[in-house]
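Okay, structure first, notes after.
The values are calculated or read from the model by the stated rules, or taken from the named source; none is laboratory data. The model shown is predicted, which means the values in this text are computed figures rather than measured ones. Here the Cβ is made from the backbone with ideal geometry for all residues, glycine too, and neighbour counts use every protein chain on show.
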Amino acid sequence: MTPQATARMTSSTAELNQDASLVTIPRTANSTASRPNPIAPVRARDRVSCRNLKGLRALSQPRRRLSGTGGTAPGSSATAEAAVRSRARERRPMRPASLRHLSAATSYPGAAKLRSMRVVVAPDKFEGSLSAGQAAAAIEAGLRRARPDAEVVRLPLGDGGAGTLEALVAAGFQRVPVAASGPTGEPVAGAIAVDGTRAFVEMAEASGLKRLPGGRRAPLEATTYGTGELLRAALDHGAREIVLGVGGSATTDGGAGMAAALGARLLDQAGTDLPPGGAALLRLARIDVSGLDPRLAEVRVTVASDVDNPLTGPEGAAHVYGPQKGAGPDDVLLLDSALRRYARVLADDLGQDVAGIPGAGAAGGLAAGAIAFLGAELRTGIELVLELVGFDKAVDGADLVVTGEGKLDAQSLRGKAPVGVARAAAAHGVPVVAVAGAVEVADRELRAAGFEEAHALLELEPDPRRSMAEAAPLLERLAERVGRAWASLP
């Protein structure tokens, strides 16, 4: 190439480079860089404004990711519980408030169509106002007013005490009527709950305070014989797994009456069967179990109890619970002595040392008798009931759990049904809201127990008497409020 040609080429290249610096390449409508994001400023405003919104649980903060160690020592129980509660809170609705008016067509790109909200309703009874089943129905009605499309699963509950049988029947168990003996020997119309080879026996159905004629208490003579008849009925229906609920008892006989109904003999020094009642155990000399129902050997029996009192002593069945059943100071001493003798004979004749077992004093020592004669184990009542109704299966995939009881107080935090529900739901990362007639627990304690929030009927009706009398409609209104506050779930 000649020097003249090279010079001309260099000059042309320079001119082209200068012209290119002045050219703007047009961007197409599909170019990402050419489109401003109309959502970004809205999201920014939402992040600011949401910090100032109180009481609307449906507007949550951005999801938090758990590091696994939190702020406490790795592997500590506090860390694990905090992590579980945090996972539950992460399931709160995440859509910015200012975007909720947008339809799916105008929503930000990639927004998915909301599916139906799934709620598990699992309350205990509202004492003096509503059964667990009635409470669950009222809560469901209120939630459906807020979210007609919601999928609601009703699981009425109990903690193993009085009212649990009715809750299980409402949850799908079959109620089986049983004619039994009351605490003072009069006939009563009791019942058990059956589901296949599982059965629930509520001792209060036969041996409870509610079965005393005219409410007249008989602390020395009251017997658990009728409870044994209920257990025998469960065996007759083919039960292979029996849960025995022991709350609300009128008895302090250590379960001796129950054992007698199932074929055991409790004999005095002359070989004569003892009469019913706890006082008669002072004369107990020998126990003969040769006639005990052989079917018991093939059945697993579990006692649902939330107390840890031993059978005897200052914290035992007679001293702690005897006065509630009509026992005066002298009666308490007599009954405690009788239970001590009973425990010695159980140890000598059956090899069962039950005197010091925590929880053996439940229901006037019925738990001790169940351990000695039935080979029963003791477990927390609400845990057993949650297993019976299939709570874990129901809560899996749920967006919210609503639980409650008549009064949410310090006693509730020691293991009552709502706290058991909160713990079980937290294991699945599902948030829990409590509703109650009255709430007497601070927010900090509620959070520590696993509740996102709690609401009381007294918020709607400050008069306690009217609140109890109108519990169903008030609970429905309260549940509607909860439903609207959490309406953007899932």
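Out of ALA270, ALA250, ALA261, ALA256, I need the residue that is within 22 Å of ALA355 (Cβ to Cβ), hydrophobic (A, V, I, L, M, F, W, C) and at pLDDT 95 or above. Which one? Spell out the reasoning first.
Details: ALA270 fails: within 22 Å of ALA355 (Cβ to Cβ); ALA250 fails: within 22 Å of ALA355 (Cβ to Cβ); ALA261 fails: within 22 Å of ALA355 (Cβ to Cβ).
From the options ALA270, ALA250, ALA261, ALA256, the qualifying one is ALA256.
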*Output yes when any residue across the stretch 265-285 is more than 14 Å from ALA338 (Cα to Cα) and either surrounded by 21 or more Cβ atoms within 10 Å (Cβ to Cβ) or touching a Ser or Thr at 6+ places or on another chain (Cβ under 9 Å) (or both), and no when none is.*
yes
*asked:* Every residue in the stretch 336-361 that is more than 19 Å from THR223 (Cα to Cα), of a type in the set (A, V, I, L, M) and not in a helix (DSSP H, G or I), please.
replied: VAL354, ALA355, ILE357
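Of the residues GLY313, GLY291, only one is touching a strand residue (DSSP E or B) at 6+ places or on another chain (Cβ under 7 Å), in a loop (DSSP other than H, G, I, E, B) and farther than 27 Å from LYS210 by Cβ; which?
Values: GLY313 fails: touching a strand residue (DSSP E or B) at 6+ places or on another chain (Cβ under 7 Å).
So the residue among GLY313, GLY291 that is touching a strand residue (DSSP E or B) at 6+ places or on another chain (Cβ under 7 Å), in a loop (DSSP other than H, G, I, E, B) and farther than 27 Å from LYS210 by Cβ is GLY291.
Within the stretch 259-269, can one find any residue that is among the aliphatic types (A, V, I, L, M), under 17 Å from GLY361 (Cβ atoms) and assigned by TED's automatic domain parsing to the domain that holds TYR342?
Step one: list which residues in the stretch 259-269 are among the aliphatic types (A, V, I, L, M), which gives 259-262, 264, 266-267.
Checking which are under 17 Å from GLY361 (Cβ atoms) leaves us with 259.
Now restrict to residues that are assigned by TED's automatic domain parsing to the domain that holds TYR342: 259.
Yes, that holds for at least one residue.
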*Single residue of LEU143, LEU168 found to be of a type outside the set (Val, Ile, Thr), touching a strand residue (DSSP E or B) at 6+ places or on another chain (Cβ under 8 Å), at pLDDT 95 or above and buried (at least 24 other Cβ atoms within 10 Å of the Cβ)*: LEU143
*Among the residues of the stretch 395-417, which ones are over 20 Å from ASP308 (Cα atoms) and crowded, with 20+ Cβ neighbours inside 10 Å?*
VAL395, ALA398, ASP399, LEU400, VAL401, VAL402, THR403, GLY404, GLU405, GLY406, LEU408
_GLU205 being in a helix (DSSP H, G or I) and in contact with a Lys or Arg (Cβ under 9 Å, 6 or more places away or on another chain)_ = yes
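Of all the residues that make up the stretch 431-463, how many are among the aromatic types (Phe, Trp, Tyr) and part of a helix (DSSP H, G or I)?
Within the stretch 431-463, the subset among the aromatic types (Phe, Trp, Tyr) is 451.
Narrowing further to those that are part of a helix (DSSP H, G or I): none.
Residues that pass the stated criteria total 0.
Take ARG477 and tell me if it is at pLDDT below 95 and not assigned by TED's automatic domain parsing to the domain that holds VAL246. Working first, answer last.
Working: at pLDDT below 95: no; not assigned by TED's automatic domain parsing to the domain that holds VAL246: yes.
So ARG477 fails the test.
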*Give just the number: which of (1) surrounded by fewer than 24 Cβ atoms within 10 Å (Cβ to Cβ); (2) touching a residue at least 12 places away in the same chain (Cβ under 8 Å); (3) within 22 Å of VAL345 (Cβ to Cβ) does GLY257 not satisfy?*
(1)
_Filter the stretch 208-254 down to the residues that are surrounded by fewer than 24 Cβ atoms within 10 Å (Cβ to Cβ) and either outside any helix (DSSP H, G or I) or outside the structural domain of ALA191 (by TED's automatic domain parsing) (or both) and list them by number._
LEU212, ARG216, ARG217, ALA218, LEU220, GLU221, HIS237, GLY238, ARG240, GLU241, GLY247, GLY248
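Restricting attention to the stretch 146-162, which residues are in a loop (DSSP other than H, G, I, E, B) and either surrounded by fewer than 24 Cβ atoms within 10 Å (Cβ to Cβ) or more than 15 Å from the chain's Cα centre (by Cα) (or both)?
Of the residues in the stretch 146-162, the ones in a loop (DSSP other than H, G, I, E, B) are 147-150, 155-162.
ARG147, PRO148, ASP149, ALA150, ALA162 - these are the residues of the stretch 146-162 that are in a loop (DSSP other than H, G, I, E, B) and either surrounded by fewer than 24 Cβ atoms within 10 Å (Cβ to Cβ) or more than 15 Å from the chain's Cα centre (by Cα) (or both).
Please enumerate the residues belonging to the stretch 300-350 that are aliphatic (A, V, I, L, M), under 27 Å from ILE382 (Cα atoms) and surrounded by fewer than 23 Cβ atoms within 10 Å (Cβ to Cβ). If you could, list the steps in order and put the result at the bottom.
Within the stretch 300-350, the first condition is being aliphatic (A, V, I, L, M), and the residues that meet it are 301, 303-304, 307, 311, 317-318, 320, 327, 332-335, 338-339, 343, 345-347, 350.
When the remaining residues are screened for being under 27 Å from ILE382 (Cα atoms), the result is 301, 303-304, 307, 311, 317-318, 320.
Once the filter is applied, which keeps residues that are aliphatic (A, V, I, L, M), under 27 Å from ILE382 (Cα atoms) and surrounded by fewer than 23 Cβ atoms within 10 Å (Cβ to Cβ), the stretch 300-350 yields VAL301, VAL307, VAL320.
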*Got a number for residues in the stretch 417-430 being assigned to a loop (DSSP other than H, G, I, E, B) and either in contact with a Gly (Cβ under 9 Å, 6 or more places away or on another chain) or among the hydroxyl-bearing types (Ser, Thr, Tyr) (or both)?*
2
*Right, ALA260: in a loop (DSSP other than H, G, I, E, B) and of a type in the set (A, V, I, L, M, F, W, C) or not?*
no
*What number of residues within the stretch 362-415 satisfy the criterion of being among the acidic types (Asp, Glu) and in a strand (DSSP E or B)?*
2
